[in-house]
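Undergrad: This is the structure I have questions about; it appears just below.
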Amino acid sequence: MRGMHSPQPSATTPGDGPRDQLGRALRDLRVSVTDRCNLRCRYCMPREVFGPDHAFLPREDLLGFEEISRLVRVLAGLGVGKIRITGGEPLLRRDLSELVAQIAAVEGIHDIALTTNGVLLPQHAEDLAAAGLGRVTVSLDALDDATFRAMADTAVPVASVLAGIEAAQRAGLTPVKVNAVLQRGVNDDQLEALADFGRRTGVVIRFIEFMDVGTTNGWRRDQVVPAREVVERLHARWPLDPVDDGSGAAVAERYRYRDGGGEVGVIASVTRPFCRTCTRARLSAVGELFTCLFGARGHDLRALLRGGIDDEELTARLATIWGRRDDRASERRAATGLTGERVEMSYIGG
Ligand code: SAM
Ligand code: SF4
Ligand code: SF4
């Protein structure tokens with residue numbers, strides 16, 4: 001990993017891309033392709049807020065695939081190599097594999113992943129893999145059917161998600177990862193069952209701390225199950241050894257089961273924030289660029305694209321936006337407790 005640099009607004013090192021105010025490069029882009037979802041997870045899109053009267057984005061407001069892939073191409077020129085497609089539920093976006101194919105054709109993009117609730121994977125896994133998708137992360141918070149349905153506020157059975165995971169494995173979108181958000185008193189009893197599922201199926205489970213994203217999920221700090229506790233509980237049942245991938249920039253802290261049962265990870269966004277190594281930008285479905293998950297406002301790239309900006313000017317604008325970036329919201333929260341205006345996760349893309 002590169003060391004910290006002194007502040008250099010919009011400085012660009014040829015071939016390496018701009019550095020932000022804390023010396024962080026731009027390497028990853030999360031692309032949200034829709035704000036809609038076929039589930040209503042209580043912590044993300046509570047039905048009281050995202051009910052029948054909720055105004056989702058009209059189709060013409062969404063960035064088109066050509067617009068997204070143009071941005072990906074320009075951002076690849078500034079150092080982005082990894083793309084993660086997300087939402088809302090990205091598999092609700094029609095013909096998603098066409099977008100994957102367009103992104104896969106961009107020089108410099110070496111990793112394309114998808115975050116999904118898994119329900120529609122059986123229909124789409126093969127097409128996505130053929131189009132160039134590399135990996136999927138499936139969100140699954142419980143194996144117990146009643147707990148799953150209560151958390152996702154849905155009649156869809158957990159078996160549908162498990163079928164999605166199998167479809168992804170069959171299509172070669174491996175290693176499949178599973179993200180599980182643990183909430184105290186809601187699904188923390190699922191920890192061992194989820195870990196055991198990972199050990200049996202070769203899926204890498206990652207336990208994520210419940211975050212205060214958005215303003216509608218009623219976040220309470222006492223509902224966060226700290227990553228340290230997760231690791232202690234797992235280690236007591238199946239001894240673990242830490243894995244150092246040497247990158248220093250990984251979001252997940254990785255562990256290996258000593259008995260050969262594979263790997264497991266924790267993402268300690270609340271208790272051990274990793275802003276210092278955060279090289280990630282997010283593109284909302286309407287084309288706003290956010291330089292932090294906790295940003296209140298994005299930069300309107302759709303207006304630039306539809307206003308006829310050329311690639312050179314677009315590159316300069318993006319380099320300037322990144323060069324001015326000084327976000328470190330999770331570290332601030334850890335130091336002070338975080339409040340203020342924030343954007344919903346289903347909007348910005350998790
Ligand atoms: N619908 C897809 C899915 O569920 O995988 C993609 C979008 S979803 C917003 C992306 C990820 O964000 C999911 O893994 C979800 O569990 C996570 N997420 C949503 N709200 C969260 C919160 N308050 N704290 C932690 N993770 C959250
Ligand atoms: Fe939908 Fe994913 Fe949010 Fe659940 S976490 S409501 S599946 S966008
Ligand atoms: Fe990156 Fe913002 Fe998350 Fe910190 S809080 S890790 S800067 S997205």
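Undergrad: Write down the percent of antiparallel bridges among all DSSP beta bridges whose residues are both part of the chain, to the nearest 5.
TA: If I count the DSSP bridges inside the chain, around 35 percent turn out antiparallel.
Undergrad: A further question follows. On average, how much accessible surface per residue is there in the range 132-219, in Å², for a 1.4 Å probe, leaving out ligands, DNA and RNA?
TA: 34
Undergrad: Of all the accessible heavy-atom surface of the chain, with the other protein chains kept in place and a 1.4 Å probe, what percent is carbon and sulfur?
TA: About 49 percent, which is the carbon plus sulfur part of the accessible surface.
Undergrad: Oh, and also: For the chain, modelled as a GNM with alpha-carbon contacts under 10 angstrom, which of Gly51, Gly164, Gly17 fluctuates the most?
TA: Among Gly51, Gly164, Gly17, the largest mean-square fluctuation in the Gaussian network model of the chain belongs to Gly51.
Undergrad: Just to be sure I understand: with springs between alpha-carbon atoms less than 10 Å apart, which residue in Ala130, Ala227, Ala180 has the highest mean-square fluctuation in the Gaussian network model of the chain?
TA: Maximum among the listed residues: Ala130.
Undergrad: If each residue of separation counts as 0.36 nm, what is the full-extension length gain between Arg149 and Glu312 once their alpha-carbon separation is subtracted?
TA: 53.8 nm
Undergrad: Once you've got the GNM for the chain with C-alpha springs shorter than 10 Å, pick whichever of Asp196, Asp61, Asp144 has the biggest mean-square fluctuation.
TA: Asp61
Undergrad: Cβ neighbours within 10 Å, averaged per peptide: list 292-301, 118-127 in order, most packed at the top.
TA: 118-127, 292-301
Undergrad: Provide the net charge surrounding His235, with neighbours chosen by a C-beta distance below 11 Å and charges set as Lys +1, Arg +1, Asp -1, Glu -1.
TA: That sum, taken over residues with Cβ under 11 Å, equals +1.
The values are calculated or read from the model by the stated rules, or taken from the named source; none is laboratory data. Computed from a predicted model, the values in this text were never measured in an experiment. So basically every Cβ, Gly included, is an ideal-geometry build from the backbone, and we count neighbours across all protein chains shown. Accessible surface is based on the protein model in full, side chains and every heavy atom, while ligands, DNA and RNA are left aside. Shrake-Rupley method; radii C 1.70, N 1.55, O 1.52, S 1.80 Å.
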